[in-house]
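Report on the structure given below.
What follows draws every value from the coordinates through simple rules; no lab data is involved. Small disclaimer: the values here were computed from a predicted structure and weren't measured. Every residue, glycine as well, gets a Cβ built from its backbone with ideal geometry; the counts of neighbours run over all protein chains shown.
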Amino acid sequence: MPKIKDLLSVIDKEFPFGLQESYDNSGLLVGNAYDDIKGVLVSLDVTEEVLDEAIKLGANVVLAHHPIIFRGLKKLTGSNYVERTVIKAIKNDIAIIASHTNTDNKAYGTNSILAEKLGLKNVKVLVPQDGKLKKLVTFVPEEYEDKVRFALFEAGAGIIGNYDYTSFSAPGTGTFRGNENTNPFVGKQGELHRENEKRLETIFPSYIESKVIAALLSAHPYEEVAYDIFSLDNRNPYAGSGVIGEFEEEVDLQSFLSEVKKITGAGCIKYTQPHKKKVKKIAVCGGACFFALGNAIGSGADVFITSDVKYHEYFDALGKITLVDVGHYEMEQFVKEIFLNLIRKNFSNFAVHFSTVNTNPINYL
Ligand SMILES: [Zn+2]
């Protein structure tokens, strides 16, 4: 019987929890990772109603996009919906997992599925993550080059877009002299040694740094392993907020907006004075994503679809782009499909259900 930790590692492989933003709280929020999974319910939010649905279905895990515990809890008295939901989950032995900005930040995640439903092509990350890539440089005796190289790849290093196993190596001479406390792998204690080595370098995302270093140290034959870790200024084009894509041909803005309304089931769409009547390039970023307006304009998008836009923020778009607020729930609801497919692809020995509770707290008249 698969355990909750097995589900966590499947999620982590597809949407690494290390990709989440610093303010986020994705991961296992309630429950024990070593419990067996009896069934999973996938949802956008966790509410008491969603837990009732899980109980009815015999599911003991709720996998949700939004973390029910977000800002920290100091007491559990049931004085608000967060406390009541957590209490109910504990009482009913239901585990809660959140996969939030780690799902948003993946090239195929929360926003790409909406972009796909809107029919956008050539979809790319809108705001690539900054400062999250690192480089490892190490020096390896020639005959150990591949052993170390593949240990690093195994740990997750060397992935650039659709290519893995990326690295570079060049020959050179390493020098060292071990003191009386050493037992050198090559050379003699107390004597200067020159060794033919390879300078081996590869790239990795910063959240796997400890794993990469552990792999290096266990595969490298030396007592003291020489290595450098560099923080890179490169942006990661395959991870970040929002996406941008395009239609093959220009489409009429009004009919496009009607289509967006239909696909998302939005009760209302708010948008600025149309910047262009015919549109082709569309930026999409669900949630409170107004910060990406500059990226959308800079990327040449005709329309920026987001949610949670405040009154004064609409002014910033005027004359530059058509800013559209579709609603937070409406834009992110499809993430449930991603979760469902991910679980179905990886597990066959428990049931996974799609929550039918509309957790959107907003009504439209
Ligand atoms: Zn959200």
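Run the paramagnetic zone check for residue 318: 7 angstrom along Cα to Cβ, then residues of region 223-254 with backbone nitrogen under 20 Å. Backbone N within reach: none found. Per-residue 3J(HN,Hα) values for region 254-264, derived from phi via the Karplus relation 6.51 cos²θ - 1.76 cosθ + 1.60 with θ = phi - 60°, read 4, 6, 5, 5, 5, 5, 4, 4, 5, 5, 8 Hz in sequence order (x marks Gly and Pro).
Taking a ≥ b ≥ c as the square roots of the eigenvalues of the Cα gyration tensor, region 215-304 is classed as prolate, since a/c reaches at least 1.5 and a/b is larger than b/c. A simple spin-label model places the labels of residue 234 and residue 164 1.8 nm from each other, with each point 7 Å out along Cα-to-Cβ.
Only Lys, Arg, Asp and Glu carry charge here, each on its Cβ (+1 for the first two, -1 for the last two); on that basis the chain has a dipole of about 680 debye about its Cα centre. The string of couplings for region 50-61 from the Karplus curve (6.51, -1.76, 1.60, θ = phi - 60°) is 5, 5, 4, 5, 4, 4, 4, 8, x, 8, 9, 9 Hz, one whole number per residue in order, with x for Gly and Pro.
Of all lysines in the structure, those lying under 19 Å Cα to Cα from residue 345, and not within fewer than 8 positions of it along the same chain, are 3, 5, 13, 38, 106, 336.
At full extension, residue 77 and residue 188 could sit 33.2 nm farther apart than now, given 0.36 nm per residue minus the alpha carbon distance. Given the chain, what whole percent of its Cα pairs are spread farther than 40 Å? Considering the chain, 29 percent of its Cα-Cα pairs are separated by more than 40 Å. Computed over every Cα-Cα pair of region 65-172 and binned at 10 Å starting from 0, the pair-distance distribution P(r) comes out as 10, 24, 21, 22, 16, 5, 1 percent.
Taking the chain as a Gaussian network of alpha-carbon nodes connected by springs under 10 Å, the highest mean-square fluctuation of the residues 156, 190, 267 belongs to 190.
If the segment from residue 365 to residue 143 were pulled out straight at 0.36 nm per residue, it would be longer than the present Cα-Cα gap by 72.7 nm. Projected label points at residue 38 and residue 57, each 7 Å from Cα along the beta carbon direction, are separated by 1.5 nanometres. Proximity of backbone amide H atoms, modeled 1.01 Å from N, is registered between residue 21 and 101, 102 at under 5 Å, excluding neighbours fewer than 5 places apart on the same chain.
Close amide H partners of residue 287, meaning residues 5 or more places away or on another chain with modelled amide H under 5 Å apart, are 307. Mind checking region 25-84 for chymotrypsin sites (Phe, Trp or Tyr not before Pro) that DSSP puts in a loop (not H, G, I, E or B) and that have at most 12 other Cβ atoms within 10 Å? Qualifying residues, ordered by number: 34. Here the calculated FRET efficiency for residue 259 and residue 225, from their Cβ-Cβ distance with R0 = 51 Å, stands at 0.35, rounded to the nearest 0.05. For trypsin sites (Lys or Arg not before Pro), the sites in region 212-314 that DSSP calls loop and that have at most 10 other Cβ atoms within 10 Å are 310. Against the chain, whose longest principal axis comes from its Cα atoms, helix 145-154 is set at around 20 degrees. Net charge dipole, region 133-234: roughly 100 debye, given to the nearest 20, about the Cα centre with Cβ charges of +1 for Lys and Arg and -1 for Asp and Glu.
Ordering 205, 161, 271 by the projection of their Cα atoms onto the charge dipole of the chain, which places +1 on the Cβ of Lys and Arg and -1 on the Cβ of Asp and Glu, puts 271 at the extreme positive end.
Subtracting the Cα-Cα distance of residue 5 and residue 291 from their residue separation scaled by 0.36 nm leaves 99.5 nm. For each pair in 124/276; 75/135; 117/277, compute the distance between the two Cα atoms and list the pairs where it is over 32 Å. Cα-Cα > 32 Å for 75/135; rest within.
Classify region 1-90 as rounded, prolate or oblate from the Cα gyration tensor: take a ≥ b ≥ c as the square roots of its eigenvalues, call it rounded if a/c is under 1.5, otherwise prolate when a/b beats b/c and oblate if not. Oblate, because a/c is 1.5 or more while a/b does not exceed b/c. All Cα-Cα distances of region 133-234, cut into 10 Å bins from zero to the largest, leave 16, 46, 28, 9, 1 percent in each bin in turn. Against the chain, whose longest principal axis comes from its Cα atoms, helix 335-346 is set at around 50 degrees.
Taking amide hydrogens as placed 1.01 Å from N in the peptide plane, the amide H of residue 160 sits under 5 Å from those of 166, each at least 5 positions away in sequence or on another chain.
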